Amino acid sequence: MKQIYVYTVSLGCPKNFVDTEILTGHLLSGNIGLAETPGEADVYMINTCAFIPPARTEAESFIRKAVAWKKKKPSTRKIAICGCLVQWDKKMEYAGKYPEVDLWLGIDKVANIAKHVRALYENNTGKPVRSYSENPEFLHDENTPRLQLTPRHYAYIKIADGCDNRCAYCAIPGIRGGLRSRPSESVLNEAESLIANGCKELIIIAQDTTAYGKDLRNSHENLPNLLKELDSLKGDFWIRLLYTHPAHFSDELIAVFKNSKHILPYVDMPLQHISDRILMSMGRKIRSEQINILLSKLRAEIPGIAIRTTFLVGYPGETEEDFKELGNFVRSQKFERLGAFTYYPEAGTPASAFSNKVPEDVAEKRKDIIMRIQAENSLERNTLLGGKILEVLVDKVENGQATGRTFMDAPDIDNTVKVKIGKSEVSPGDVVKVKITSCGIYDVEGEIVS
């Protein structure tokens, strides 16, 4: 049998990206090659996201590309769809819509990807294969085959999968399953290996990182203790924490940030709203007073902290008064980084059955208003950076210019720094001192200082 090559597309968030790294790792371990372009491939594999309609629309656009690709050589080319869309599509509507797809592979089946790909050619029945579990339980460890697809100098460490929060608007528990935390020893072993291989930034992720360990019997297994152990590792590296939940952000966790050597003063904490009425309807398990107290504590205990958050507008029952409260909150807090999204009803979630829906055009206008407020806040904060010298982790170098990030910026979702490097020798992964010379709404520019 000839060598099989797979072209891979990864959609969605960093958590899904780790799944793609695991899929490709298992392909290589199973002697399946990876193709750099679709033209070189035998199989077009898409690891999908599906938690809201735009994610599914994006997945469909790539499925259509794959179908067009397959039609050029229908007897030899195959299509594999993996991940969240397979879990979400319990009625198999997409499978019926795209009969050209040969393999539908759920989250629990990633370790079997090489076997399934090979079977497409060995069995070649022409009938689509669907393999998934209703309630996912898969959880990788440090020994799981995985191909790091990020640049060498930063990597995502997924410390848990699934979620038990059950927010009223969210389909994730139904897609990814319940909370499953990795033992801390497994996480530490992975981190040590990454550091030894030159990783400069460990990015800690999960559906809710602050829930880490709540499903484990060992009371020692929790996020503060895990971060302490990661912080104690030897080496020159950053630790960045994403996807925290405000209801689970403890004083103990704040103390870990305050006393750490490697943990960046950066917190990604989706707040979703500030109106008590909406927070209660969402099932967020926290009130506005508690949110304000937590934000004050973070800024008082961790000077210079950068707080990233997201808000959901247009949620059922969100009144003009609720939205005005949110707008005033965003304006006064001046978050360093912020995203806003409109609500989408997801079948099977409690909120999808709520009445008093907010019209789509109203929700879009509210999102635009929040982002305009944030643009003003961001420009104001960036302007204050003018003339300051910041450490920048370089991600890319080309045409005499480097692009990098400060401690305030996670890859792909936050701001960047454009750096004039002149005759300096700079490579991706270097941490350089940069004097900020000009500021835009989101990105800034600077020059290397010796």
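Scanning region 164-181 finds one or more residues that are farther than 30 Å from Glu93 by Cβ, at pLDDT 95 or above and not in a loop (DSSP other than H, G, I, E, B).
This table checks each residue for (1) surrounded by 15 or more Cβ atoms within 10 Å (Cβ to Cβ); (2) closer than 27 Å to Tyr154 by Cα; (3) not assigned by TED's automatic domain parsing to the domain that holds Tyr243; (4) not hydrophobic (A, V, I, L, M, F, W, C).
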residue	(1), (2), (3), (4)
Ser29	yes, yes, yes, yes
Arg56	yes, no, yes, yes
Ile63	yes, no, yes, no
Ser75	no, no, yes, yes
Ile113	yes, yes, yes, no
Lys127	no, no, yes, yes
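Yes or no, residue by residue, for (1) within 22 Å of the chain's Cα centre (by Cα); (2) not small (Gly, Ala, Ser):
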residue: Gln207; (1), (2): yes, yes
residue: Gly213; (1), (2): yes, no
residue: Lys228; (1), (2): no, yes
residue: Phe257; (1), (2): yes, yes
residue: Glu289; (1), (2): no, yes
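Residues being touching an Asp or Glu at 6+ places or on another chain (Cβ under 9 Å), part of a loop (DSSP other than H, G, I, E, B) and either closer than 20 Å to Arg152 by Cβ or not aliphatic (A, V, I, L, M) (or both) are entirely absent from region 381-402.
Residues that are outside any helix (DSSP H, G or I) and over 20 Å from the mean Cα position of the chain (by Cα) were ranked within region 51-77; the one that is nearest to Ala41 (Cα to Cα) is Arg77.
Looking only at residues in region 209-235 that are in contact with a strand residue (DSSP E or B) (Cβ under 8 Å, 6 or more places away or on another chain) and in a loop (DSSP other than H, G, I, E, B), the one that is surrounded by the most Cβ atoms within 10 Å (Cβ to Cβ) is Tyr212. Take the residues of region 298-315 that are among the hydrophobic types (A, V, I, L, M, F, W, C) and touching a residue at least 40 places away in the same chain (Cβ under 8 Å): which is farthest from Lys367 (Cα to Cα)? Checked region 298-315; the qualifying residue farthest from Lys367 (Cα to Cα) is Ile302. Looking only at residues that are crowded, with 18+ Cβ neighbours inside 10 Å and more than 13 Å from Ile22 (Cβ to Cβ) in region 141-154, which one is farthest from the chain's Cα centre (by Cα)? The selected residue is His153. Would you please name the residue that is nearest to Gln207 (Cα to Cα), looking only at residues in region 1-17 that are in contact (Cβ under 8 Å) with a residue 60 or more places away in the chain and outside any loop (DSSP other than H, G, I, E, B)? Restricting to residues being in contact (Cβ under 8 Å) with a residue 60 or more places away in the chain and outside any loop (DSSP other than H, G, I, E, B), the top hit is Lys15. The residues in region 428-450 that are among the polar types (S, T, N, Q) and at pLDDT below 95 can be counted, and the count is 1.
Check region 18-32 and report whether any residue there is assigned to a loop (DSSP other than H, G, I, E, B) and closer than 30 Å to Gly162 by Cβ. Checked against the condition, which is being assigned to a loop (DSSP other than H, G, I, E, B) and closer than 30 Å to Gly162 by Cβ, region 18-32 yields at least one hit. Once region 257-293 is narrowed to residues that are of a type in the set (A, V, I, L, M) and surrounded by fewer than 19 Cβ atoms within 10 Å (Cβ to Cβ), the residue that is farthest from Lys15 (Cα to Cα) is Ile293. Criterion applied to Ala410, Ala375 was being in contact (Cβ under 8 Å) with a residue 40 or more places away in the chain, within 17 Å of Leu338 (Cβ to Cβ) and not assigned by TED's automatic domain parsing to the domain that holds Val431, and the one residue passing it is Ala375. Taking Lys90, is it within 30 Å of Ala160 (Cα to Cα) and either in the same structural domain as Glu192 (by TED's automatic domain parsing) or part of a helix (DSSP H, G or I) (or both)? Here the answer is no, as Lys90 does not meet what is asked.
Considering only residues in region 1-10 that are surrounded by fewer than 22 Cβ atoms within 10 Å (Cβ to Cβ) and of a type outside the set (Ser, Thr, Tyr), the one that is farthest from Tyr156 (Cα to Cα) turns out to be Met1. Note on region 394-416: among residues that are of a type in the set (A, V, I, L, M) and within 17 Å of the chain's Cα centre (by Cα), the one that is surrounded by the most Cβ atoms within 10 Å (Cβ to Cβ) is Ala410. Entry remark, region 414-425: residues being modelled with pLDDT under 95 and either in contact with a strand residue (DSSP E or B) (Cβ under 9 Å, 6 or more places away or on another chain) or not in a loop (DSSP other than H, G, I, E, B) (or both) number 4 in total. Number of residues in region 353-369 that are over 19 Å from Arg277 (Cβ atoms) and of a type in the set (A, V, I, L, M, F, W, C) equals 1.
The values are calculated or read from the model by the stated rules, or taken from the named source; none is laboratory data. None of these values were measured; they are calculated from a predicted model. Every residue, glycine as well, gets a Cβ built from its backbone with ideal geometry; the counts of neighbours run over all protein chains shown.
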